[in-house]
1. Would you mind working out the magnitude of the charge dipole of the stretch 3-173 relative to its Cα centre, with +1 at each Lys and Arg C-beta and -1 at each Asp and Glu C-beta, to the nearest 20 Debye?
2. Charges on Cβ only, +1 for Lys and Arg, -1 for Asp and Glu, centred on the Cα centroid of the chain; of PRO34, SER130, GLY67, which one is farthest towards the dipole's positive end?
3. If you find the alpha carbon centre of the stretch 20-34 and of the stretch 115-175, how far apart are they in angstrom?
4. Report, in order of residue number, the helices in the chain meeting two criteria: a C-alpha extent of 20 Å or more along the helix axis, and a mean Kyte-Doolittle hydropathy of at least -0.5; treat each whole DSSP H run as one helix.
5. Does the stretch 26-175 come out rounded, prolate or oblate by the C-alpha gyration tensor, with a ≥ b ≥ c the root eigenvalues, rounded set by a/c under 1.5 and, if not, prolate when a/b is larger than b/c and oblate if not?
6. Mind checking which of THR128, THR29, THR119 has the largest fluctuation in a GNM of the chain, springs on alpha carbons under 10 Å?
7. Is it possible to state the helix-based mean residue ellipticity at 222 nm for the chain, with each DSSP H run of 4+ residues giving -39500 (n - 2.57), the sum divided by total residues, to the nearest 500 deg cm²/dmol? What is it?
8. Going by average Cβ density within 10 Å per residue, which order do the peptides 137-148, 39-50 take, highest to lowest?
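A short reminder: the numbers here are calculations on the coordinates, not readings from a lab. Everything numeric in this text was worked out from a predicted model, so none of it was measured. Positions of Cβ are backbone-derived with ideal geometry, glycine not excepted, and every protein chain shown enters the neighbour counts.
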Amino acid sequence: MQITLKELQNNELSAFWELAFSDNNAEWTKWNGPYFHDKLPSKQNFLDLSKTNKYLQNPFRKVIWAGNHMVGLVSAYYEDEPLRQWLDIGITVYDQNNWRQGVGKSALRQWLDELFETTSLPHIGLTTWSGNYRMVALAESLGLKKEAEVRQVRYWQGRYWDSVKYGILRSEWTK
């Protein structure tokens, strides 16, 4: 299965919303920072082109395509905006039928390649939580190193979890 990353286009907005946000109880919402209790955007707001849409034609948010199907999103943001020296990345594969098939690993590998090619940064990070064992395994499988663990700061489902930071240096990635 060929995995590609592309910026979201206007004509793909509706299909992307259906994939990502149509189900408030989708399995992915239980793993992607669930302790923040983020609300998913309504279809009307997401498709409203008079409003800024951070997903649309954004080089720091790219749709993951498996063949001809949208399956997820990779993202990046600066932890230290406006300095723009500390970049963190994320990934969400929305449909759990695509989990455990190498989609996330392939997409995150491509995303790291692209970000190291298009920036001059020496480090790229990824933050997750200790309960997201798939994300922890993905980060480690790509050679990211655990750089910090802030203990018991994420409260979810009646217990505290650790916030875990991973990172990789350009010199390590290009080996």
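1. Values: 20 positive and 20 negative charges, 61 e Å.
In debye, rounded to 20, the stretch 3-173 gives about 300.
2. About the Cα centre, the residue reaching furthest to the positive side is SER130.
3. 20
4. 103-118
5. Values: a/c = 1.33, a/b = 1.09, b/c = 1.22.
Here the stretch 26-175 falls in the rounded category.
6. In the Gaussian network model the winner is THR119.
7. Values: 5 runs with 43 residues, N = 175.
For the chain, the value works out to -7000 deg cm²/dmol.
8. Numbers: 137-148: 15.3, 39-50: 11.9.
Top of the packing list down: 137-148, 39-50.
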